[in-house]
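Here the structure comes first, spelled out in structure tokens, and everything after it is commentary.
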Amino acid sequence: MSISQKKENVQMQKEKILSLLRLIEQNSGLSELDLSIMLDVETQAIHDAISALEKEGVICGYHTLIYWDKITDNDVTALVELRVTPQGGDGYEKLAEKIKEYPQVKTLYLMSGAYDFLVMVTGQNMKEIALFVSGKLASINEVQNTTTHFILTKYKELGFDLEAKKAGERMVVTP
Amino acid sequence: MKEMLSKKILEMKPSGIRKFFDVVNEVPGVISLGVGEPDFETPYHIREAGIQALQGGKTFYTSNSGLQNLRNEISIYTNKKIGNQYDPNTEVMVTVGGSEAIDIALRTIINPGDEIIYIEPSFVSYLPCILMADGIPVAIELKPENKFRLTKDQLENAITEKSKALIISYPNNPTGAIMEEEDLRELVEVIEKNNLLVISDEIYSELTYGKKHVSIASFSGMKERTIVINGFSKNFAMTGWRLGYAMGNAEIISQMVKVHQYAIMCAPTISQYAAVEALQNGEEDICNMRESYNQRRRYLYHELSRLELPCFLPEGAFYMFPDIRKFGMTSEEFAIDLLNKEKVAVVPGNAFGDCGEGFIRISYAYSISELKEAVRRIENYIMDKHTTEL
């Protein structure tokens, strides 16, 4: 017996699309069949929705969150604040285009407040990052000022608690 | 030493749940689908309210009936959800979980010799609490062909001149059944004709899927004779905070408060402050949790169907109650065999009443990953059984 006599087969409603995105954001390992069952929508509609969302750039990629510190000593991350003087009306966009090309740059945001860009930079050690910041970022004409903060310990990232999984705290059987 | 103890207590059957808990605890690496509480932690803003109350020194007793503010919020919340208006000063009381509310409701209404009708399979506490209050328990065995809903005929057949009250519990633990408006309407006629009181345990009231929860107390004439029990454990993932409430006729509630004040004094103060926050700002959390449960419900039901385990489609709570009779084992034998062979724990259905024999309760208060792994192991178990039979 199917759980629903009439699954939604037409274009998915916005609410279901948001549910779909929330699900795959937390767990990209769910198959289209899993999603179809959980959201009570035909598998084809799930497939079409995901394709459309990928084309529109809403789904930008499928990422596995790795806590590198647990497996290597050669992974250092820094958050670099850039104060810039953008040139022209689209100065920020042009600058962002340039900065994000660097493979060391993992994250790039334009911010409100005391500085303009927040850049997350990774490297094998602090020296490598410092050289990248001074050699590549600071040397960009529009960049007036950089402030580099090294990440010492990561506790939580993208909604995931990075500490060792706590043993289940619930009693094994309860009424 | 035993001869010094209460005969009534000694004669009570020990909990089937407890017995199974002891067995499961001995097996390492178990995926337990036997838990009757949410896997979510209490939403952070509610925990913060509790923390602030602690830091602010709110460590004294509250009034016996509970914090005024909390009773006000309960009244507003209940009006919004089931339509009834309960006076927070006389018709609402805060208890130590829905469990305490059940216990003191029964102690308040029972005179020796009174029969209390209740449904099975059901939450393990109804029968023992009836016995402890010197009532005579009368069980109605619900049927899967009726979607485990209580029917008018079943109720009529159970009533005698000694019948005092009916305990119903929907959405239901362990079956996940709900009662819809037309089902309840049929019972209302019988209840009024026979002048019964009703204890309506609605602790899973927020966890219905696709259909709004209806309380029997919302029918005309029923508010006066119904004690509605609800709480924060399941709806707000606050099981450990031990907080519930009862609502009903002022006379009944005032007598229940009497019992409560002598036995308990008041429910935990910090929990009450946290609960105010839950009722004021917890609607979005409820929606998110309900959506999660619903996704898992759909997944698990699909898988049980695929594995050809007959199961009634639950529309409430977070349990499934599949039928395992085709394996030719008792519920306990099945549960222990599954536990030993595949390290998956499910609760034998007879822990919830004799008519639960032949069924198992599976809780889906677990992440999808854990459910998937559990299903994989159950599938192995079933395939292994088929191979052995060939």
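All of the numbers you see were taken from the coordinates with simple rules; none came from a lab. Quick caveat, the model's predicted, so the values are computed rather than measured. Every residue, glycine as well, gets a Cβ built from its backbone with ideal geometry; the counts of neighbours run over all protein chains shown.
Here are some notes:
- Axis of helix B:250-263 versus longest Cα principal axis of chain B: the two differ by about 80°, to the nearest ten degrees.
- Cα-centre dipole for segment B:246-390 with unit charges at Cβ (Lys and Arg positive, Asp and Glu negative), debye to 20: 140 debye
- Placing dummy labels 7 Å off each Cα toward the beta-carbon, the span from residue B:265 to residue A:53 is 5.2 nm.
- Extension gain, residue B:354-residue B:194: 0.36 nm per intervening residue step, less the Cα-Cα distance, totals 54.9 nm.
- Across peptide A:34-40, the mean count of Cβ atoms from other chains lying within 10 Å of each residue's own Cβ comes to 6.
- Segment B:161-240 and segment B:293-313 have Cα centres separated by 25 Å.
- Cα gyration tensor, the protein assembly as shown - rounded (a/c under 1.5), prolate or oblate: prolate
- With the charge dipole of segment B:325-390 set up from +1 on Lys and Arg Cβ and -1 on Asp and Glu Cβ about the Cα centre, the Cα lying farthest toward the positive end among the listed residues B:340, B:327, B:382 is that of B:382.
- Applying 0.36 nm per residue to the separation of residue B:41 and residue B:25 and subtracting their alpha-carbon distance, the gain on full extension is 3.5 nm.
- Taking label points 7 Å from Cα along the Cα-to-Cβ direction, residue B:7 and residue B:52 give a separation of 5.6 nm.
- Taking each of A:100/A:127; B:152/B:211; B:143/B:164; B:162/B:223; B:8/B:143 in turn, the alpha-carbon distance tops 26 angstrom for B:8/B:143.
- Note that segment B:111-125 has calculated 3J(HN,Hα) couplings of 9, x, x, 5, 9, 10, 8, 9, 9, 10, x, 7, 3, 5, 7 Hz, one per residue in order, obtained from phi through the Karplus relation 6.51 cos²θ - 1.76 cosθ + 1.60 (θ = phi - 60°); glycine and proline are x.
- Efficiency of FRET from Cβ geometry, residue B:220 and residue B:63, R₀ 22 Å, rounded to 0.05: 0.10
- Distance between the pseudo-spin-label points of residue A:71 and residue A:22 (7 Å out from Cα toward the beta carbon): 3.1 nm.
- Cβ-derived FRET efficiency at R0 45 Å, residue B:386 paired with residue B:152, nearest 0.05: 0.60
- Our helix-only sum for chain A, with -39,500 (n - 2.57) per DSSP H run of n ≥ 4 divided by its residues, gives a mean residue ellipticity at 222 nm of -8500 deg cm²/dmol.
- Alpha-carbon Debye profile of chain A, log10 I(q)/I(0) at 0.10, 0.14 Å⁻¹: -0.62, -0.95
- The HN-Hα couplings worked out from phi for segment B:230-245 by the Karplus form 6.51 cos²θ - 1.76 cosθ + 1.60 (θ = phi - 60°) are 8, x, 10, 4, 8, 5, 10, 6, 10, 4, x, 7, 6, 9, x, 7 Hz, whole numbers, x standing for Gly and Pro.
- Simple rule: put +1 on each Lys or Arg Cβ and -1 on each Asp or Glu Cβ in segment B:30-74, find the dipole, and look at B:59, B:33, B:44; the Cα lying farthest toward the positive end is B:59.
- For residue B:254 and residue A:63, the FRET efficiency from 1/(1 + (r/R0)^6), where r spans their Cβ atoms and R0 equals 60 Å, is about 0.50.
- With Cα atoms, 0 to 90° folded angle of helix B:16-25 axis to chain B main axis: 60 degrees
- Other-chain or far-sequence residues with amide H under 5 Å of residue B:140's (modelled H): B:118, B:119, B:120
- Ranked by how many other Cβ atoms sit within 10 Å of their own Cβ, fewest first, the residues B:129, A:60 fall in the order A:60, B:129.
- Remark: segment A:48-56, residue by residue, has Karplus-estimated 3J(HN,Hα) of 5, 5, 5, 4, 5, 5, 5, 4, 6 Hz, where x stands for each Gly or Pro and the curve is 6.51 cos²θ - 1.76 cosθ + 1.60 at θ = phi - 60°.
- Subtracting the Cα-Cα distance of residue B:138 and residue B:326 from 0.36 nm times their residue separation leaves 64.8 nm of extension gain.
- Helix-derived mean residue ellipticity, 222 nm - over chain B, DSSP H n ≥ 4, -39500 (n - 2.57), to 500: -13500 deg cm²/dmol
- Per-residue Cβ neighbour rank within 10 angstrom, fewest leading, B:370, A:15, B:189: A:15, B:189, B:370
- Mean per-residue shielding of peptide B:14-24 is 2, counting Cβ atoms of other chains within 10 Å of each Cβ.
- Over chain B - Rg/Rh using Cα atoms and the Kirkwood inverse-distance radius: 0.97
- Around the Cα centre of segment B:150-291, unit charges on the Cβ atoms of Lys, Arg, Asp and Glu (plus for the first two, minus for the last two) sum to a dipole of about 500 debye.
- Dipole magnitude (debye, nearest 20) for segment B:65-158, charges at Cβ of Lys, Arg, Asp, Glu: 420 debye
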